[in-house]
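Okay, structure first, notes after.
The values are calculated or read from the model by the stated rules, or taken from the named source; none is laboratory data. All of these numbers come straight from a predicted model, not from anything done at the bench. Every residue, glycine among them, receives a Cβ derived from its backbone with ideal geometry; neighbour counts consider all protein chains shown.
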């Protein structure tokens, strides 16, 4: 098996979610009433720290999100405070890190220097305007315009990160540290191919899975009693890994049209993805009932991802786009919206979508008796047994 991960597939977004906004479907009246009845968690957002963010910081975040990921911008905008502010800011921070990974650097050494400099800004609180300007100026000129504009506001993003409430800041910086360390490991070893599903899972763990643990940590930062049970933490990772693999599969055809071959054993990748889905559902169902918007945020991604898989498989055989048609997207979003507070209805929806997936055979890697670890370390709270179970799928 030979697997190569395309650029820009981090962050568990699905572009089809943007259709929810474009179709005018919006939230149902029932859901609006449910949202109004939920307990609002009022925690002060970071203050505006520059003229660019005078007023509501979410306006600053939303403007950048719209430029770098319209689908994710829409999803984040549905969250309640403080999760909208915290996760929007986290996304922008991770997008800056992602830009270091994805840019076409003249030498690997320069890329590593850019990683290390950004680590110092984020982790050592070295928010020096001149140094940040010089760091941003070293990027190649061919990066997308939205990311160029985000680079110009790096100092503001960092100032907001450092102004977060202590518990939220600690959670975000730990997540960032794991993600950056993992990215640097894979870039330094040449991000050209993943020969086993274990290596694929290790990469997905660092660039997507850790965001699941961050979400749980932010629940605890908002109100300690909202944190998920310890046995559910691994399920947050399953959701992240599942969605990352959907994006890898979905982007294959487009990537191959421009001469990039990312993997040859599709069945192995599908089997690995399917192995993550039961845990991903448990993550959705574990989201606190007091925060319907966060459960909806997770459910949209999981169920839309599952519904997309048959279309991706079909695209390998036929000349069709690897995404859901607009009408099916609208209907499924409405169904998710109406079922979001009913665990039995969500379970039935999951089972229906799972029944439409291709039959897969677990990878031989899943039978490895030797404990599997992470190549670049890990600072989170998963135990060794959960890590092994997650990485060998």
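Odds and ends about this structure:
- Residues satisfying the stated conditions in the range 223-245, i.e. modelled with pLDDT under 95, more than 18 Å from residue 176 (Cα to Cα) and surrounded by 24 or more Cβ atoms within 10 Å (Cβ to Cβ): 243, 245
- Meeting the requirement of 2 or more residues that are in contact (Cβ under 8 Å) with a residue 60 or more places away in the chain, touching a strand residue (DSSP E or B) at 6+ places or on another chain (Cβ under 8 Å) and farther than 15 Å from residue 118 by Cβ, the helices (runs of 4 or more DSSP H) wholly within the range 130-212 are 197-204.
- The one condition from (1) free of Cβ contacts under 8 Å to residues at least 24 places away in the same chain; (2) part of a helix (DSSP H, G or I) that residue 298 does not meet is (1).
- Within the range 340-352, the set of residues being surrounded by fewer than 20 Cβ atoms within 10 Å (Cβ to Cβ) and either assigned to a helix (DSSP H, G or I) or within 24 Å of the chain's Cα centre (by Cα) (or both) comprises 341, 343, 344, 345, 347, 348, 351, 352.
- Residue, farthest from residue 266 (Cα to Cα), within the range 313-337, restricted to residues that are exposed (fewer than 15 other Cβ atoms within 10 Å of the Cβ) and in contact (Cβ under 8 Å) with a residue 60 or more places away in the chain: 326
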